[in-house]
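Written below as C-alpha coordinates is the structure these notes are about.
The values are calculated or read from the model by the stated rules, or taken from the named source; none is laboratory data. These numbers were taken from a predicted model, which means no experiment stands behind them. Every residue, glycine as well, gets a Cβ built from its backbone with ideal geometry; the counts of neighbours run over all protein chains shown. Keep in mind that these areas ignore ligands, DNA and RNA; they rest on the heavy atoms of the full protein, side chains included. Shrake-Rupley method; radii C 1.70, N 1.55, O 1.52, S 1.80 Å.
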Amino acid sequence: MNLMDDILTDGEEAGITFSIDYPELRRLIEEKSDVLDDVKEPVLVSWDLWDGNVLVDAGRITAIIDFERSLWADPLMEHYFSHFNYTPGFVKGYGHAITTESELKRRSLYDLYFDLVLRIECAYRQYDNQEHVNWTIHNLEEGIERFRLS
(Lines give C-alpha, C1' and ligand atoms only; values in the text may rest on other atoms or scores of the structure.)
Protein backbone atom coordinates (compact mmCIF):
# COMPACT_ATOMS: atom_id res chain seq x y z
CA MET A 1 0.00 0.00 0.00
CA ASN A 2 2.97 2.34 0.44
CA LEU A 3 3.45 2.57 -3.32
CA MET A 4 -0.20 3.52 -3.78
CA ASP A 5 -0.06 6.06 -0.96
CA ASP A 6 3.08 7.61 -2.43
CA ILE A 7 1.71 7.98 -5.96
CA LEU A 8 -1.54 9.48 -4.66
CA THR A 9 0.42 11.97 -2.53
CA ASP A 10 2.49 12.87 -5.61
CA GLY A 11 -0.71 13.41 -7.58
CA GLU A 12 -2.20 15.66 -4.93
CA GLU A 13 1.00 17.69 -4.65
CA ALA A 14 1.11 18.13 -8.44
CA GLY A 15 -2.54 19.22 -8.53
CA ILE A 16 -3.63 16.29 -10.71
CA THR A 17 -7.39 15.73 -10.60
CA PHE A 18 -9.58 12.95 -11.91
CA SER A 19 -13.25 11.93 -11.85
CA ILE A 20 -13.03 10.67 -8.28
CA ASP A 21 -11.64 12.67 -5.37
CA TYR A 22 -8.56 11.46 -3.52
CA PRO A 23 -10.32 10.44 -0.27
CA GLU A 24 -12.88 8.38 -2.20
CA LEU A 25 -10.17 6.72 -4.31
CA ARG A 26 -8.15 5.91 -1.18
CA ARG A 27 -11.26 4.41 0.43
CA LEU A 28 -11.93 2.28 -2.66
CA ILE A 29 -8.31 1.08 -2.76
CA GLU A 30 -8.32 0.29 0.95
CA GLU A 31 -11.58 -1.61 0.57
CA LYS A 32 -10.01 -3.86 -2.08
CA SER A 33 -6.46 -4.20 -0.77
CA ASP A 34 -6.89 -7.11 1.65
CA VAL A 35 -5.88 -9.50 -1.17
CA LEU A 36 -2.32 -8.18 -0.88
CA ASP A 37 -2.03 -10.34 2.24
CA ASP A 38 -2.10 -13.36 -0.09
CA VAL A 39 1.37 -12.49 -1.42
CA LYS A 40 3.70 -14.64 0.64
CA GLU A 41 6.99 -14.46 -1.27
CA PRO A 42 7.97 -11.38 -3.24
CA VAL A 43 10.25 -11.73 -6.26
CA LEU A 44 12.34 -9.26 -8.23
CA VAL A 45 9.98 -7.69 -10.75
CA SER A 46 11.32 -5.60 -13.63
CA TRP A 47 8.03 -3.67 -13.87
CA ASP A 48 9.28 -2.05 -17.07
CA LEU A 49 9.53 -5.23 -19.09
CA TRP A 50 8.41 -4.37 -22.60
CA ASP A 51 9.73 -5.13 -26.07
CA GLY A 52 12.07 -2.12 -26.12
CA ASN A 53 13.83 -3.28 -22.95
CA VAL A 54 14.43 -6.87 -24.07
CA LEU A 55 17.38 -7.35 -26.42
CA VAL A 56 17.17 -10.34 -28.75
CA ASP A 57 19.82 -11.77 -31.05
CA ALA A 58 19.18 -14.75 -33.34
CA GLY A 59 15.88 -15.47 -31.59
CA ARG A 60 17.40 -15.59 -28.09
CA ILE A 61 17.09 -13.07 -25.28
CA THR A 62 20.58 -11.66 -24.73
CA ALA A 63 19.83 -8.88 -22.25
CA ILE A 64 17.14 -7.10 -20.30
CA ILE A 65 17.81 -3.40 -19.67
CA ASP A 66 16.35 -0.41 -17.83
CA PHE A 67 15.83 -1.46 -14.22
CA GLU A 68 14.93 1.86 -12.56
CA ARG A 69 11.38 0.65 -11.89
CA SER A 70 12.41 -2.76 -10.53
CA LEU A 71 11.15 -3.77 -7.11
CA TRP A 72 10.54 -6.76 -4.87
CA ALA A 73 6.86 -7.55 -5.34
CA ASP A 74 4.15 -10.01 -6.20
CA PRO A 75 5.20 -11.73 -9.46
CA LEU A 76 1.79 -10.73 -10.87
CA MET A 77 2.85 -7.08 -10.72
CA GLU A 78 5.04 -7.66 -13.79
CA HIS A 79 3.97 -5.35 -16.61
CA TYR A 80 3.13 -8.13 -19.07
CA PHE A 81 0.32 -9.25 -16.76
CA SER A 82 -1.23 -5.77 -17.15
CA HIS A 83 -4.33 -4.83 -19.09
CA PHE A 84 -1.99 -3.56 -21.79
CA ASN A 85 -0.03 -6.74 -22.47
CA TYR A 86 -1.63 -9.88 -21.02
CA THR A 87 -1.05 -12.29 -23.92
CA PRO A 88 -1.09 -16.08 -24.33
CA GLY A 89 2.59 -16.05 -25.36
CA PHE A 90 3.68 -14.28 -22.20
CA VAL A 91 1.54 -16.50 -19.98
CA LYS A 92 2.99 -19.62 -21.62
CA GLY A 93 6.56 -18.38 -21.25
CA TYR A 94 6.04 -17.20 -17.69
CA GLY A 95 4.38 -20.46 -16.74
CA HIS A 96 1.58 -18.90 -14.73
CA ALA A 97 -1.78 -17.40 -15.61
CA ILE A 98 -4.03 -15.19 -13.52
CA THR A 99 -6.77 -17.58 -12.49
CA THR A 100 -7.89 -17.09 -8.89
CA GLU A 101 -10.13 -14.36 -7.53
CA SER A 102 -7.27 -13.09 -5.37
CA GLU A 103 -4.94 -12.92 -8.38
CA LEU A 104 -7.54 -11.04 -10.42
CA LYS A 105 -8.11 -8.54 -7.62
CA ARG A 106 -4.38 -8.03 -7.01
CA ARG A 107 -3.82 -7.48 -10.72
CA SER A 108 -6.60 -4.87 -10.75
CA LEU A 109 -4.76 -3.00 -7.98
CA TYR A 110 -1.51 -3.14 -9.94
CA ASP A 111 -3.25 -1.96 -13.10
CA LEU A 112 -4.74 1.00 -11.26
CA TYR A 113 -1.35 1.82 -9.77
CA PHE A 114 0.29 1.79 -13.21
CA ASP A 115 -2.51 3.92 -14.70
CA LEU A 116 -1.98 6.42 -11.86
CA VAL A 117 1.79 6.47 -12.46
CA LEU A 118 1.30 7.11 -16.18
CA ARG A 119 -1.01 10.06 -15.45
CA ILE A 120 0.84 11.61 -12.52
CA GLU A 121 4.35 11.31 -13.93
CA CYS A 122 3.33 13.69 -16.73
CA ALA A 123 3.55 16.60 -14.30
CA TYR A 124 6.89 15.58 -12.84
CA ARG A 125 8.50 14.71 -16.18
CA GLN A 126 7.03 17.90 -17.66
CA TYR A 127 5.68 16.22 -20.76
CA ASP A 128 4.73 18.73 -23.38
CA ASN A 129 3.09 16.24 -25.75
CA GLN A 130 -0.55 17.07 -25.09
CA GLU A 131 -1.71 14.07 -27.09
CA HIS A 132 0.15 11.78 -24.66
CA VAL A 133 -1.14 13.69 -21.62
CA ASN A 134 -4.71 13.40 -22.93
CA TRP A 135 -4.19 9.69 -23.50
CA THR A 136 -3.05 9.24 -19.87
CA ILE A 137 -6.14 11.11 -18.65
CA HIS A 138 -8.45 8.88 -20.71
CA ASN A 139 -6.52 5.73 -19.73
CA LEU A 140 -6.74 6.57 -16.03
CA GLU A 141 -10.46 7.24 -16.19
CA GLU A 142 -10.96 3.85 -17.85
CA GLY A 143 -8.65 2.33 -15.24
CA ILE A 144 -10.63 3.78 -12.35
CA GLU A 145 -13.82 2.35 -13.84
CA ARG A 146 -12.20 -1.07 -14.38
CA PHE A 147 -11.03 -1.00 -10.78
CA ARG A 148 -14.50 -0.10 -9.46
CA LEU A 149 -15.92 -3.10 -11.29
CA SER A 150 -13.22 -5.56 -10.22
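Below is a table of values for the structure above.
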{"item": "Where N is the number of residues in segment 74-140, Cα Rg divided by 2.2 N^0.38 Å", "result": "1.29"}
{"item": "Where chymotrypsin sites (Phe, Trp or Tyr not before Pro) fall in DSSP loop in segment 86-150, at most 15 other Cβ within 10 Å", "result": "Tyr86, Tyr127"}
{"item": "More than 17 angstrom apart: percent of Cα pairs within segment 1-63", "result": "62"}
{"item": "Residue order for Lys105, Lys92 - accessible surface, 1.4 angstrom probe, largest first", "result": "Lys92, Lys105"}
{"item": "Calculated P(r) tail over 15 Å for segment 64-104, as whole % of Cα pairs", "result": "46"}
{"item": "Rg/Rg_ref, the chain, where Rg_ref = 2.2 N^0.38 Å and atoms are Cα", "result": "1.09"}
{"item": "Cα-based reach from Lys40 at 14 Å (exclusive), listing aspartates and glutamates while leaving out same-chain residues under 8 positions away", "result": "Asp74, Glu103"}
{"item": "Inter-label distance, nm, simple model (7 Å from Cα along the C-beta direction), His96/Asp10", "result": "2.5"}
{"item": "Solvent-accessible area of His96 with every protein chain in place, 1.4 Å probe, in Å² to the nearest 10", "result": "70"}
{"item": "Relative contact order for the chain, counting Cα pairs under 8 Å that sit 6 or more residues apart, in percent", "result": "25"}
